[in-house]
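Below: the structure, in structure tokens.
The values are calculated or read from the model by the stated rules, or taken from the named source; none is laboratory data. All of these numbers come straight from a predicted model, not from anything done at the bench. Methodologically, a virtual Cβ is constructed for each residue, glycine included, from the backbone with ideal geometry; neighbour enumeration extends over all protein chains shown. Just the protein is used for accessible areas: all its heavy atoms, side chains included, with ligands, DNA and RNA removed. Shrake-Rupley method; radii C 1.70, N 1.55, O 1.52, S 1.80 Å.
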Amino acid sequence: MAVSLFSHDVSDLCLGKPALRPLSLSATIADALLALQFSNDYFISVWDCRFATSGCGGGGAGDGEFECCRCVGKLCMVDVIFYLCRDENLLSPAAALQASVSEILPQIPGIVMHLEPSASLLEAIDLVLQGAQNLVVPIKTRLGSNSRRKHHKTPKNIIHGGREFCWLTQEDIIRYLLNSIGLFSPIAALSLDSLGVICTNALSVNYYSPASSAIGAISCCIANQTSVAVVDDEGILIGEISPFALAGCDKAVAAAIMTLSSGDLMTYIDRGGPPEDLVKVVKARLKESNLEGRLEEFTNSPSSTGSLSFTSSSDEEFSPSPSSRKCRRSSSYSARITRHAEAIVCHPRSSLIAVMIQAIAHRVNYVWVIEDDCSLIGIVTFLDMLKVFREHLETTE
């Protein structure tokens, strides 16, 4: 039965997925910011396009010169935000946005890999286990009908000889495996503890530590597709700082990162917009640092959504107690667009299939593992799950 499952092509996983909207490697960071603000995804794909006459790695056919494009990486709003958090860019954010996207493109080898639609699901899993986060796959469609031509009058999705591409994620593969979970009996019903899939060195920050001190940890979490746990002095899980929650913020959140504590930042980026009290704190602290005038550049530039307002003048500070947020278990089944600071948690005794369903329902790649008293044990990720399934397949081959 497992042989039947893995005989499927990766094109089966692409059904219904939207075509990627490419951003050129020669674009500016302002262009990337605008594309991110109007994207339905947290990431945008960055492409390097050159003209060639032949041999374009699975490209289009035909005589003459044609454009040969490859996806060379991906960007999210957090990449832009952290770039703006640099001291030299805080002084002149408008000028900083005119730099090339190559300045902020993560240099992680193999993070994005191209894969032909005829490749097997097993090949896709192996690439993910080797470090690929996104697998770029040509979409098996023809662009020959009049309706398609009309739809693509401005061919923003069409690259490389008229081809369209989608990309697959760890979540796509886990969802696909969940539909055939019976093939992995009995391991799917075993506990996380017994399977040894709990990573105990999860990245975390103290609730009261400066948010700016978490920048490195958040950057690592983007690469690992996880979040930073926010804990108190006793190691109790309070919540999380999610790169995906940051990605849903306006670029003015860079000012909040440089002025707030980690706990306050967690509240600031929570869904529903930043509390007015914290907006006042950000404004007051920027004023203390003689950076208040830079807010206008953050909030009034053409690429800003204008969703945040720094018009309050009060210097009152707001710092909710961590005990009021301890270990809140989210029952929301919302998509990533409404991600918030409540951590999705499970216990070491939770079964693998239960945690799979929990993560998919909340549109996250991981679940925090806690003790009964809410102290943080570690984290379990989709990558950990894929390793278990891959090892199971090796024993049944």
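When region 169-182 is filtered for residues that are surrounded by fewer than 17 Cβ atoms within 10 Å (Cβ to Cβ) and not acidic (Asp, Glu), the ones remaining, listed by number, are Arg175, Leu178, Asn179, Ser180, Ile181, Gly182.
Residues of region 111-164 that are under 23 Å from Ala32 (Cα atoms), at pLDDT below 90 and in a loop (DSSP other than H, G, I, E, B): His152, Lys153, Thr154, Pro155, Lys156, Asn157, Ile158, His160, Gly162, Glu164.
Taking region 205-227, which residues are surrounded by fewer than 21 Cβ atoms within 10 Å (Cβ to Cβ) and either at pLDDT 95 or above or small (Gly, Ala, Ser) (or both)? Within region 205-227, Asn206, Tyr208, Ser209, Pro210, Ser212, Ser213, Gly216, Ala217, Ser219, Ala223 qualify. You will find that of Val355, Val367, the residue that is assigned by the TED database to the domain that holds Ala247, assigned to a helix (DSSP H, G or I), surrounded by 19 or more Cβ atoms within 10 Å (Cβ to Cβ) and touching a helix residue (DSSP H, G or I) at 6+ places or on another chain (Cβ under 8 Å) is Val355 and no other. Within region 84-103, which residues are within 13 Å of Ala254 (Cβ to Cβ) and either in contact with a Leu (Cβ under 7 Å, 6 or more places away or on another chain) or open to solvent by less than 20 Å² (accessible area, probe 1.4 Å) (or both)? Scanning region 84-103 gives Leu84, Cys85, Asn89, Leu90, Pro93, Ala96, Leu97.
Looking for whichever is over 23 Å from Tyr366 (Cα atoms), modelled with pLDDT under 90 and within 23 Å of the chain's Cα centre (by Cα) here; the options are Gly273, Gly293, Gly248. Which one fits?
Gly273
Counting residues in region 32-51 that are at pLDDT 90 or above, part of a strand (DSSP E or B) and of a type in the set (D, E, K, R) gives one or more.
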